[in-house]
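S.K.: Sharing a structure with you now.
The values are calculated or read from the model by the stated rules, or taken from the named source; none is laboratory data. Note that the coordinates shown come from a computational prediction; the quantities given were computed from them, not determined experimentally. Glycine also receives a Cβ, built like all others from the backbone with ideal geometry; neighbour counts cover every protein chain displayed. Accessible surface areas use protein heavy atoms only, side chains included; no ligands, DNA or RNA. Shrake-Rupley method; radii C 1.70, N 1.55, O 1.52, S 1.80 Å.
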Amino acid sequence: MTNQIRKKPELLAPAGNLEKLKFAVLYGADAVYIGGQQYGLRAKAGNFTFEDMREGVAFAHERGAKVYVAANIMAHNEDFAGMADYFQMLQKVGIDAVIVADPAIVDVCREAAPGLEIHISTQASVTNWQAVQFWAEEGIPRVVLAREVSLQEICEIKRHVDIEIEAFVHGAMCISYSGRCVLSNHMTNRDANRGGCAQSCRWKYDLFAEEEGDMHPLFAEDDETFTMSSKDLCMLEHIPEMIEAGVDSLKIEGRMKSIHYVATVVNAYRQVIDAYWDRPETFVFKPEWREEIMKAANRPLTTGFYFHQPTKDDQIFGVPPKMTAYDFAGLVLAYDEETGIATIEQRNHFKRGQEVEFIGPGRERFIQRIGEMWDEDGNSLDEAPHPMQKVLVRVEKPVKPYDLMRKEKGTT
């Protein structure tokens, strides 16, 4: 594989709302991608008003990070009403780039907001260097490749075309080709290519055969139900190969995922990228990085299309394996160095004697049991049952605002 490194790759994180944007940036993202109120493919995400965008852009830019907006629907005629005004507003609030799939939307954006950078979305299904060359000749600075592209194909693209390449490294995988699915349309009248996907592939199905108008089951009563679900993508252990291939932006999926997911995954990828970039010749992958990712994993993991064509081993059939999941139990608001007491905002129930972990941007996690706890008035507590409740907790090591306290699900 030819080394095509030019600059340190960007770590691009999802942000479903303003709070998640802040966590993504603080935990190490160089850029975040968000959705507005229109033209995106995550209609059920929190999404951003223009006011939220202004605050998010200011927060990110103050910390050297960028903000991109997904406007990657496949547009119908009626979708173009008001589109020019929308892009003009994105430019006014300081958005760094828009992610677009439809060529007509590219033209609208160029005319309405000529200063707004355009990236070609993965929804455009770009899988070869000649398609990348086409967009480069159109003046597009970056293409987000389809997820069906292999690592070797990325190397070939970079050999032929001088353009930024963005590629997914982590998150959910669509079982259809580059998201071109109409199951949701057929079953729920929600258009997957206009932001309404109902994730019909992840439903549970029984199989039948139709013979002369009669339906005959192809399963026994105790058989597991069938799904069409892919395992989740994870390239954490292969970041060196992605960097060596010349990928300019390493993208994490998950605008609808939790704060805990965003912070944990971004933090892990940040550490791996930095460790390899700083000392590539002595880089050794640490098992604890993988362990950290597994604490935010919702499904088993796969490398997708990067090294081989996926097989049945890259999919989930029947009941998925149980993952060791963690709950976001509390957010650190403040820490008193003299007393060793942290002020924590409750996000899930926790109590005295329970084992918890603290994680923060760019540092090692630590584990402790909850000991002394008080409410804001100094009254002793045995538990913190109320959402957003402010609780004082004695911690064994220093913590900082925006550190997370988490607990293993099901623990007492």
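S.K.: List the pairs whose first member sits in the range 228-240 and is under 15 Å from residue 321 (Cβ atoms) and assigned to a strand (DSSP E or B), whose second member is open to solvent by less than 50 Å² (accessible area, probe 1.4 Å) and among the small types (Gly, Ala, Ser), and whose Cβ atoms are under 6 Å apart, counting only residues at least 6 apart or on separate chains?
M.R.: These pairs meet every condition: 232/172.
S.K.: Would a scan of the range 140-155 turn up a residue that is assigned to a helix (DSSP H, G or I) and in contact with a strand residue (DSSP E or B) (Cβ under 6 Å, 6 or more places away or on another chain)? Write out each step before concluding.
M.R.: First, pick out the residues of the range 140-155 that are assigned to a helix (DSSP H, G or I): 151-155.
Subsequent filtering for residues that are in contact with a strand residue (DSSP E or B) (Cβ under 6 Å, 6 or more places away or on another chain) retains none.
Within the range 140-155, none of the residues are assigned to a helix (DSSP H, G or I) and in contact with a strand residue (DSSP E or B) (Cβ under 6 Å, 6 or more places away or on another chain).
S.K.: Turning to a different aspect of this structure: Since residue 194 meets every condition but one in (1) open to solvent by less than 20 Å² (accessible area, probe 1.4 Å); (2) at pLDDT below 95; (3) out of contact with any strand residue (DSSP E or B) (no Cβ under 8 Å at 6 or more places or on another chain), which condition does it not meet?
M.R.: (1)
S.K.: Report every pair of residues separated by at least 6 positions or lying on different chains whose Cβ atoms are under 7 Å apart, first residue within the range 397-410 and over 13 Å from residue 330 (Cα atoms) and free of Cβ contacts under 8 Å to residues at least 40 places away in the same chain, second open to solvent by less than 80 Å² (accessible area, probe 1.4 Å) and not acidic (Asp, Glu).
M.R.: 397/366
S.K.: Need the failing condition index for residue 334 against (1) closer than 16 Å to residue 392 by Cβ; (2) in contact with a Leu (Cβ under 9 Å, 6 or more places away or on another chain), just the number.
M.R.: (2)
S.K.: Yes or no: the range 179-195 includes at least one residue that is closer than 26 Å to residue 266 by Cα and not in a helix (DSSP H, G or I).
M.R.: Among the residues of the range 179-195, at least one is closer than 26 Å to residue 266 by Cα and not in a helix (DSSP H, G or I), which makes the answer yes.
S.K.: Follow-up question, since we're still on this one. What residue, of 127, 188, is more than 23 Å from the chain's Cα centre (by Cα) and either farther than 24 Å from residue 38 by Cβ or open to solvent by less than 70 Å² (accessible area, probe 1.4 Å) (or both)?
M.R.: Exactly one of 127, 188 is more than 23 Å from the chain's Cα centre (by Cα) and either farther than 24 Å from residue 38 by Cβ or open to solvent by less than 70 Å² (accessible area, probe 1.4 Å) (or both), namely 188.
S.K.: May I pose another question? Which of the residues spanning the range 344-368 are more than 26 Å from residue 289 (Cβ to Cβ), open to solvent by 40 Å² or more (accessible area, probe 1.4 Å) and not in a loop (DSSP other than H, G, I, E, B)?
M.R.: Passing the criteria: only 351.
S.K.: Right, another one. Within the range 308-316, is even one residue open to solvent by less than 20 Å² (accessible area, probe 1.4 Å), under 21 Å from residue 10 (Cα atoms) and touching a residue at least 40 places away in the same chain (Cβ under 8 Å)?
M.R.: No, the range 308-316 contains no residue that is open to solvent by less than 20 Å² (accessible area, probe 1.4 Å), under 21 Å from residue 10 (Cα atoms) and touching a residue at least 40 places away in the same chain (Cβ under 8 Å).
S.K.: Related question: From the residues in the range 259-300 that are in contact with a Phe, Trp or Tyr (Cβ under 6 Å, 6 or more places away or on another chain) and assigned to a loop (DSSP other than H, G, I, E, B), which one is most open to solvent (accessible area, probe 1.4 Å)?
M.R.: 283
S.K.: Can I ask one more? Please verify whether the range 218-235 includes one or more residues that are among the charged types (D, E, K, R), surrounded by 15 or more Cβ atoms within 10 Å (Cβ to Cβ) and in contact with a Lys or Arg (Cβ under 8 Å, 6 or more places away or on another chain).
M.R.: Yes, the range 218-235 contains a residue that is among the charged types (D, E, K, R), surrounded by 15 or more Cβ atoms within 10 Å (Cβ to Cβ) and in contact with a Lys or Arg (Cβ under 8 Å, 6 or more places away or on another chain).
S.K.: Something else: Look at residue 326 and say whether it is modelled with pLDDT of 95 or more and open to solvent by 30 Å² or more (accessible area, probe 1.4 Å).
M.R.: On the way: modelled with pLDDT of 95 or more: no; open to solvent by 30 Å² or more (accessible area, probe 1.4 Å): yes.
Judged against the criteria, residue 326 is not a match.
S.K.: Another question, if that's okay. Give me the pairs: first residue in the range 22-35 and farther than 9 Å from residue 65 by Cα and open to solvent by less than 10 Å² (accessible area, probe 1.4 Å), second residue in a strand (DSSP E or B) and of a type in the set (Phe, Trp, Tyr), beta-carbon distance under 8 Å, and six or more apart or on different chains, which are they?
M.R.: Close Cβ pairs satisfying both conditions: 34/68.
S.K.: Farther than 22 Å from residue 317 by Cα, open to solvent by 40 Å² or more (accessible area, probe 1.4 Å) and either touching a residue at least 12 places away in the same chain (Cβ under 8 Å) or touching a Phe, Trp or Tyr at 6+ places or on another chain (Cβ under 8 Å) (or both): is that true of residue 256 in this structure?
M.R.: Yes.
S.K.: I'd like the residue in the range 131-185 that is on the phi > 0 side of the Ramachandran plot and touching a residue at least 24 places away in the same chain (Cβ under 8 Å) and, out of all such residues, is nearest to the chain's Cα centre (by Cα). Can you show your working first?
M.R.: Just the residues of the range 131-185 that are on the phi > 0 side of the Ramachandran plot, to begin with: 139, 171, 178-179.
Adding the requirement that they be touching a residue at least 24 places away in the same chain (Cβ under 8 Å) leaves 171, 178-179.
Numbers: 171: 6, 178: 16, 179: 16 Å.
Among residues in the range 131-185 that are on the phi > 0 side of the Ramachandran plot and touching a residue at least 24 places away in the same chain (Cβ under 8 Å), the one nearest to the chain's Cα centre (by Cα) is 171.
S.K.: Search the range 371-412 for residues being open to solvent by 30 Å² or more (accessible area, probe 1.4 Å) and outside any loop (DSSP other than H, G, I, E, B), and hand back the single one that is farthest from residue 343 (Cα to Cα).
M.R.: If we take residues in the range 371-412 being open to solvent by 30 Å² or more (accessible area, probe 1.4 Å) and outside any loop (DSSP other than H, G, I, E, B), then 408 is farthest from residue 343 (Cα to Cα).
S.K.: Could you please give the count of residues in the range 156-168 that are assigned to a strand (DSSP E or B) and either in contact with a Gly (Cβ under 9 Å, 6 or more places away or on another chain) or open to solvent by less than 10 Å² (accessible area, probe 1.4 Å) (or both)?
M.R.: Total satisfying the criteria: 4.
S.K.: Can you go through 237, 241 and tell me which one is under 30 Å from residue 284 (Cβ atoms) and under 19 Å from the mean Cα position of the chain (by Cα)?
M.R.: Details: 241 fails: under 19 Å from the mean Cα position of the chain (by Cα).
Checking each option against the conditions leaves just 237.
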